[in-house]
Amino acid sequence: MPSFEIEESIDKVVVGVDEAGRGPWAGPVVAGAVVILNRKMDKLFLDSLNDSKKLSAKKREMLYERLLLEEKKGNVAIGVGQASSEEIDEINILQATFLAMKRAVKGLSISPEFAIIDGNQTPKDFPCGVKTVIQGDGKSISIAASSIVAKVYRDRLMNDLAKKYPFYGFEKNAGYGTKLHIEGLKKHGITPEHRKSYKPIKAFL
């Protein structure tokens, strides 16, 4: 279960950072950045923050709304950053992910002194010190919160894109290469939101 163990060992203003959307064939990659300013918040709420992949969509939505509420109360600071499909094609998905992470941290209302990032790859030229944590969204409450922010924010974006491009099932598959998505590509071709540098999309060009 995620805890504040990593945050407490650093003893600075720590931001948790995670991303959503590295694998999909369409849409932006989104990063969430969360600073838990008040670690004495409702224990039940803090204990329910976990790796977004382990939570149901309904639970994620509920926790996301609660995080926004706690931000209004000054208990939490939240930043969201994204890199577009064009940027992904231009600089590659890893660099675009790092760019989204930097934008998320810069979007915070406070300047953190240190970032703990989910995964094992360290971005260069980050606005503060960095430590990577493998499977961090299952270890750190700050990273778990950022994984929920990134996932819910991106899912909502993909829902909006589904209204603009209704043939690919973005509202169900979030841009991943499902059967419905492939059918849409066969019938309607690609959209400006598709990642042209991705192998399966190249096949449709």
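Since every read-out is calculated from the coordinates, none of them should be taken as a lab result. Model, not experiment: these values are computed from the prediction. Neighbour counts are summed over all protein chains in view; Cβ atoms, including those assigned to glycine, are modelled from backbone coordinates with ideal geometry.
General remarks:
- Distance-filtered residues of the stretch 33-66 - backbone nitrogen under 12 Å, label point 7 angstrom along Lys72 Cα→Cβ: 65-66
- Within a Gaussian network of the chain (alpha carbon springs, distance under 10 Å), most fluctuating of Ala57, Ala31, Ala115: Ala57
- For the stretch 5-156, convex hull of alpha carbons as volume per residue, Å³: 100 Å³
- Sequence-separation-based contact order of the chain, relative, with Cα cut under 8 Å and 6+ spacing, percent: 31 percent
- By other beta-carbon atoms within 10 Å, ranking Met101, Met158 with the fewest at the front produces Met158, Met101.
- Percent RCO, i.e. relative contact order, over the stretch 36-121, from Cα pairs under 8 Å lying at least 6 residues apart: 27 percent
- Residues whose amide H comes within less than 5 Å of that of Thr132, counting only those at least five positions distant or on another chain, are Ile117 (H built at 1.01 Å from N in the peptide plane).
- Candidates Tyr168, Met41, Asn92 compared by Cα position along the dipole of the chain: farthest toward the positive end lies Tyr168, with charges placed on Cβ.
- Calculated [θ] (222 nm, deg cm²/dmol) that DSSP helices of n ≥ 4 give over the chain, each run adding -39,500 (n - 2.57): -13000 deg cm²/dmol
- Lys163 versus Asn38: modelled label distance in nm, points set 7 Å from Cα along the beta carbon direction: 3.4 nm
- Among Gly189, Gly138, Gly169, the largest mean-square fluctuation in a Gaussian network model of the chain (Cα springs under 10 Å) belongs to Gly189.
- Averaging Cα coordinates gives a centre for the stretch 131-205 and one for the stretch 11-43; these two points are 17 Å apart.
- For the chain, the share of DSSP beta bridges that are antiparallel, to the nearest 5, is 60%.
- Coupling constants for the stretch 107-117 follow from the phi torsions by the Karplus curve (6.51 cos²θ - 1.76 cosθ + 1.60, θ = phi - 60°), and in residue order they are x, 6, 6, 10, 9, x, 8, 8, 10, 10, 10 Hz; glycine and proline get x.
- Note on the chain: GNM, Cα springs under 10 Å; of Leu46, Leu94, Leu67, the largest mean-square fluctuation is that of Leu94.
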